[in-house]
Amino acid sequence: MKSIAIIDVNNFYVSCERVFNPKLENKPVVVLSNNDGCAISRSNEAKALGIK
């Protein structure tokens, strides 16, 4: 039997950036797309500052 799973990970791209750059821990972080500069992920710290 084939199984399919959908996983929703909060702030996934921010978490990935923090793995490669631990200095970003506990700082507001916004990850932008490389095509149009739209925010694709925000850290909880950035959300608390009202960054949308």
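The values are calculated or read from the model by the stated rules, or taken from the named source; none is laboratory data. Note that the coordinates shown come from a computational prediction; the quantities given were computed from them, not determined experimentally. We place every Cβ from the backbone using ideal geometry, glycine too, and count neighbours over all the protein chains shown.
For first residues located in the range 32-52 and farther than 19 Å from Ser15 by Cβ, partners that are among the basic types (Lys, Arg) and lie 6+ apart or on another chain with Cβ distances below 8 Å form the pairs Lys52/Arg42. Only residues that are part of a loop (DSSP other than H, G, I, E, B) and over 14 Å from the mean Cα position of the chain (by Cα) were counted across the range 1-33, and they come to 7. Asn11 meets each of the listed conditions (1) modelled with pLDDT under 95; (2) out of contact with any Ser or Thr (no Cβ under 8 Å at 6 or more places or on another chain); (3) surrounded by 10 or more Cβ atoms within 10 Å (Cβ to Cβ); (4) not aliphatic (A, V, I, L, M) apart from (2).
Looking only at the range 17-39, residues that are touching a strand residue (DSSP E or B) at 6+ places or on another chain (Cβ under 8 Å), exposed (fewer than 13 other Cβ atoms within 10 Å of the Cβ) and not small (Gly, Ala, Ser) come to 2 in all. Among residues of the range 1-30 that are touching a residue at least 24 places away in the same chain (Cβ under 8 Å), those with a Cβ under 7 angstrom from a residue that is among the β-branched types (Val, Ile, Thr) and surrounded by 10 or more Cβ atoms within 10 Å (Cβ to Cβ), sequence gap 6+ or separate chain, pair up as Tyr13/Val31; Tyr13/Ile40; Val14/Val29; Val14/Val31.
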